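Below is one structure, written out as structure tokens; the observations come after it.
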Amino acid sequence: HKFAFNHVFWSMRPYQQHGTATATQADVYAQLGPPIVHHALDGYNACLFAYGQTGSGKTHSMIGPKSSVPTQAPSPSSLG
């Protein structure tokens, strides 16, 4: 099988290998968040799949620290 990826984000310490900077949560959201939300609001199926070792930060990458989790969903009009 051959797999293609739309995005791959470096998650190791900055410049640990390959001279690539570590992706921040803001980097991940900027690349993935708006397009997926807009496609979902347009009526298309949307999926964001996070894969990695247990404890590697997948949940934190998707929703951030507990204090940043919104208490209610944004309204569609606020998303532009």
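What follows is calculated from the coordinates using simple rules that are stated; it is not laboratory data. Since the structure is predicted, the reported quantities are computational estimates derived from the model, not experimental observations. Note that each Cβ is placed from the backbone with ideal geometry, even for glycine, and that neighbours are counted across all protein chains shown.
Overview of results
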read-out	value
Per-pair calculated FRET efficiency, R0 = 22 Å: Ser75 and His38 via Cβ, rounded to 0.05	0.95
Label point distance in nm, Thr59-Gln25, each placed 7 Å from Cα along Cα→Cβ	1.3
Phe49-Lys2 pseudo-label distance in nm [points 7 Å out on the Cα-to-Cβ vector]	1.8
